Amino acid sequence: MRTCHHPIRFSLLLGWMLLLCGVGSIAQHQVARAAAPALPPGYALSITESASTMTYGGPAPNFQAQLTVPAGENPLQSPNQFFLLVDAQSVAADSSTSSGSTYTFTVKGSTVAAQVTLPVGSHTAVAKYFSSVLNQTLASAPVSFTVQKYTPTLTCYLNAVSFFAANAPVNFSMGTQGGPPVDWQNATYSITFVGPQTFTDSNLTADSSGGGTASVPPVPGTYKYQCAFSGTSNFNAAQTALSNATLIVTQGHQVGIKLYSNPTTITGGITATLEIVVSGGAGLPTPTGSVALFLGPYNYTSPFRLSGGRVTQQVQFPSPLPSQTLRVYYYGDAVYAQSYTDFPLTNPPLPGGASTPTPQPTGTHPSTPTPKPTGTGTAGSTPTTTGASTPAPSSTTASSSTSIANVGTTSGSHPPDPTTNQGSTLFWSVGLGLLALAAGGSGVFFVLRKRARTGG
């Protein structure tokens, strides 16, 4: 079949094609101008970067700009000025060199990172030059770089208590080994306990310092733990290795605590011999671990280690006494729960009728003791926990002597006294310190310390 081409139609088609080509050329030219702004004759300005990526919190890429100006114009002479614009923040050059009318400006990545906040994502850098001759600011084509997330090396500690009741709360503290500060409050956490069984407490939160609270397993046993961090907008998810430290979920049995003293009545300024006996339940093993003496609810001595369920200890008391109550605190073991019992200042004599001991203090005279506080802060404060287990108690055993230094009076919250004489759980303790006596008077202060609640 014969095909005829109408000359008018062909002309219209050809014109339409030429018009499309012209529009496309104009659009491409406009894009090119946006990417590389046209500069006045005799001027040129460009920028390069040493890398297209960086890690959050680390140094940015180094930037180098080349500027060419007409003969006779000196970019280093004020009011002429070169600067780098990173996002919306201007950064001055660290150094410059010149060769004829061409000048090279260098901006270090560390300088950029120190002056510009660079969150994860894409960023742009543009070289700019203000010419006083032109009274105009010239700009280079931009370069872009990407900030990538940082992967932290995590640390995780559980509070300084070794023994817990089942499902008891435990404080944890997150940290890192170097790197930029982490916005802990914007993440979630999980702690996996590995022991007789494996338990994970998840969807935990922390404050801005990395502190939070989890629950220990419901099944008695010895556990190691591993902490996981969900990540934030600037940090990748990460987790710790399985801990070397352990915590023990006790079987929760209660103990009986007895106190004997010689002399039988404690008064201020004396050195007395105390015998503490911790007894277990029928058919259960003898309690192990440590005990400590409190004056009222306030921590007074370092822990004394039990031997065969008992310990005999010489204790030097301050004058005046800050409390009319002696509290014996038992730290617990794998079988028995932590508990304390309050006693009056007058108690039964030591079994066997031991005589009044000759004072054998291991510290200084009671009027000028060396403070040994158990915590830091002021009344009502909560100290930061830094360990995963109770610090190793002193290896004090029967028939040893001690001079007490943590003495005083204070105010603040403390647990109510138990309704019975045995088996109550201590949720708070306070480290207290005695200032040296001076000018015939005495000054005392206390340092309150919150002790983690251990259930039971």
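Which of the residues that make up region 44-82 are open to solvent by less than 40 Å² (accessible area, probe 1.4 Å), in a strand (DSSP E or B) and out of contact with any Pro (no Cβ under 7 Å at 6 or more places or on another chain)? LEU45, ILE47, PHE63, ALA65 - these are the residues of region 44-82 that are open to solvent by less than 40 Å² (accessible area, probe 1.4 Å), in a strand (DSSP E or B) and out of contact with any Pro (no Cβ under 7 Å at 6 or more places or on another chain). Figure legend. Inter-residue proximity from region 323-352: first residues more than 30 Å from PRO220 (Cα to Cα), second residues of a type in the set (Lys, Arg), beta-carbon distance below 9 Å, spacing 6+ or different chains. Indicated pairs: PHE343/LYS258; PHE343/ARG327; ASN347/LYS258; PRO348/LYS258. Residues of region 205-219 that are of a type outside the set (D, E, K, R) and either closer than 18 Å to PRO181 by Cβ or surrounded by fewer than 19 Cβ atoms within 10 Å (Cβ to Cβ) (or both): THR205, ALA206, SER208, SER209, GLY210, GLY211, GLY212, THR213, SER215, PRO218, VAL219. Counting only strands (runs of 3 or more DSSP E) that fall entirely inside region 244-317 and contain at least 1 residues that are more than 20 Å from TYR336 (Cβ to Cβ) and out of contact with any Cys (no Cβ under 8 Å at 6 or more places or on another chain), the qualifying elements are 256-262, 271-279, 290-295, 310-316.
Contact map, region 78-102: first residue under 18 Å from SER122 (Cβ atoms) and free of Cβ contacts under 8 Å to residues at least 60 places away in the same chain, second residue open to solvent by 50 Å² or more (accessible area, probe 1.4 Å) and assigned to a loop (DSSP other than H, G, I, E, B), Cβ cut-off under 9 Å, separation 6 or more or different chains; pairs are LEU84/ALA92; LEU85/PRO142; ASP87/THR117; GLN89/THR117. Within region 150-178, if we keep just the residues that are in contact (Cβ under 8 Å) with a residue 60 or more places away in the chain and among the hydroxyl-bearing types (Ser, Thr, Tyr), the residue that is most open to solvent (accessible area, probe 1.4 Å) turns out to be TYR157. Checking ASP183 against (1) within 25 Å of PHE199 (Cβ to Cβ); (2) open to solvent by less than 40 Å² (accessible area, probe 1.4 Å), only one condition comes out false. Which one? Failing condition for ASP183: (1). Checking each residue in region 273-295 for being touching an Asp or Glu at 6+ places or on another chain (Cβ under 8 Å) and buried (at least 20 other Cβ atoms within 10 Å of the Cβ) picks out PRO287, GLY289. Filtered by the rule that a residue be open to solvent by 10 Å² or more (accessible area, probe 1.4 Å) and touching a residue at least 60 places away in the same chain (Cβ under 8 Å), region 305-317 gives ARG305, SER307, ARG310, THR312, GLN314, GLN316. Restricting attention to region 254-272, the residues being under 22 Å from VAL216 (Cβ atoms) and surrounded by fewer than 20 Cβ atoms within 10 Å (Cβ to Cβ) number 1.
Do we find a residue being over 30 Å from VAL147 (Cα atoms) and among the acidic types (Asp, Glu) anywhere in region 206-221? No, because not a single residue in region 206-221 is over 30 Å from VAL147 (Cα atoms) and among the acidic types (Asp, Glu).
Pairs meeting the criteria (first residue in region 229-242 and closer than 10 Å to LYS149 by Cα and small (Gly, Ala, Ser), second residue open to solvent by less than 20 Å² (accessible area, probe 1.4 Å) and at pLDDT 95 or above, beta carbons under 7 Å, at least 6 apart or on different chains) are GLY231/ALA187; ALA237/PHE229; ALA237/GLY231.
The values are calculated or read from the model by the stated rules, or taken from the named source; none is laboratory data. Model, not experiment: these values are computed from the prediction. Note that we place each Cβ from the backbone using ideal geometry, even for glycine, and neighbour counts take in every protein chain shown. Accessible surface is based on the protein model in full, side chains and every heavy atom, while ligands, DNA and RNA are left aside. Shrake-Rupley method; radii C 1.70, N 1.55, O 1.52, S 1.80 Å.
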